[in-house]
Amino acid sequence: MGLALFDTHAHVQLSAFDADRDDTLARARIANVLGVLNVGIDVESSRAAASLAEHSDQCWATAGLHPHDADAWTGDLRAELRDIAGGPRVVAIGETGLDYYRDLTPRDMQATAFRGQIELSIDLGLPLVIHNRDATDDVLAILGDYVGVARPLLHCFGDSDDVASRAIEMGCVLGIGGTVTYPKSQALRDTVAGLPDGSFVLETDSPWLTPQCRRGKRNEPAYVVAVAEQVAELRGISVAALATTTTDAARNLFSIDAAEA
Ligand SMILES: [Zn+2]
């Protein structure tokens with residue numbers, strides 16, 4: 001199979017897909033998107049992602065609490081996420097992180113929930129899916145306390161060259177999504193053109209962040225093809241070659257056998 005893409009960040013378990021979840025996954029399969037990681041944002045959506053993964057050999061799941069809801073972080077919630085993370089196809093903790101753009105919860109609570117989930121991921125030996133909006137300095141400062149032990153994926157990476165190099169040096173993998181196709185994202189395109197192979201993976205963030213060519217529609221995992229086409233063009237390689245390196249990087253990060261996706 002030459003072309004097998006992996007969407008490392010989607011939310012197909014959410015209600016935006018209630019009307020056509022199976023069809024959405026079927027369209028992804030037809031587009032050669034053979035792996036979809038559905039990311040939990042709270043206990044309910046993490047359970048839904050885990051259950052979807054148990055019923056679809058195309059799907060995997062994460063268990064986490066989004067920074068928007070960080071004020072819900074307690075020992076009990078941690079225990080629930082830990083329980084969900086024990087499921088057979090749950091391969092990461094998150095999404096967690098810091099969001100200083102919407103600032104929906106106090107920043108100290110966001111930091112507490114972030115550190116709690118970093119430590120949970122380390123306990124469980126799992127990678128960590130990180131959301132960062134306007135909080136790069138603090139995200140990297142906190143991750144700096146866990147270099148060599150945490151395995152962070154910076155989802156929806158949108159920072160400069162400098163930050164990319166620092167993050168990769170700290171052991172982060174970068175998630176490149178639909179924003180790379182937006183007209184205003186020239187700096188990100190320049191960064192992505194020069195990233196080392198193996199340092200980044202592809203994602204959609206479905207149902208949000210629809211690539212430019214489908215702008216205005218709900219995003220879905222099949223559209224990771226548009227991200228792949230843009231990134232392959234930037235790097236001067238074929239989509240098939242890009243699919244190989246990015247899907248290998250995703251399997252490697254999430255410890256998924258090539259036979260499985
Ligand atoms: Zn997300």
Give the relative contact order (percent, whole number) for the stretch 1-123; include only Cα pairs under 8 Å separated by 6+ residues. 22
When only the heavy atoms of the protein chains count and the probe is 1.4 Å, how do SER238, SER199, SER15 rank by accessible area, highest first? SER15, SER238, SER199
Lys/Arg +1, Asp/Glu -1 at C-beta; the stretch 5-254 dipole; positive extreme among ALA16, LEU34, PRO106: LEU34
Span from the the stretch 152-219 Cα centroid across to the the stretch 16-88 one, whole angstrom: 21
Dipole size in debye (nearest 20) for the stretch 5-254 around its Cα centre, Lys and Arg Cβ +1, Asp and Glu Cβ -1? 600
Taking all protein chains together and a probe of 1.4 Å, list GLU95, GLU80, GLU44 from the most accessible to the least accessible. GLU44, GLU80, GLU95
Please name which of VAL231, THR245, ALA167 has its Cα lying farthest along the dipole of the stretch 110-261 towards the positive end, using unit charges on Cβ (Lys, Arg +1; Asp, Glu -1) and the Cα centre as origin. VAL231
Taking 0.36 nm per residue of separation and subtracting the Cα-Cα distance, what length does fully extending ALA258 through ASP197 add? 20.2 nm
Can you tell me the relative contact order of the chain? Whole percent, Cα pairs under 8 Å, sequence separation 6 or more. 21
Ignoring ligands and nucleic acids, THR191 exposes an accessible area, probe 1.4 Å, in Å² to the nearest 10, of 10
Please report, ordered by residue number, every helix of the chain (full DSSP H runs) that is 24 Å or longer along its axis going by C-alpha atoms and whose mean Kyte-Doolittle hydropathy reaches -1.0. 107-124
Tell me which chymotrypsin sites (Phe, Trp or Tyr not before Pro) from the stretch 72-134 have a DSSP coil assignment and no more than 13 other beta carbons within 10 Å of their own. TYR101
Scan around GLY175 for amide H atoms under 5 Å from its own, H built in the peptide plane at 1.01 Å from N, and keep only partners 5 or more places away or cross-chain. LEU154, HIS155, CYS156, PHE157, VAL201
A student asked for the Cα radius of gyration and Dmax of the chain in angstrom ought to give 16.7, 49
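The values are calculated or read from the model by the stated rules, or taken from the named source; none is laboratory data. Predicted model, so just to flag it, every value in this text is computed and none were measured. Every residue, glycine as well, gets a Cβ built from its backbone with ideal geometry; the counts of neighbours run over all protein chains shown. Quick note on the areas: whole protein, heavy atoms, side chains included, nothing else; ligands and nucleic acids left out. Shrake-Rupley method; radii C 1.70, N 1.55, O 1.52, S 1.80 Å.
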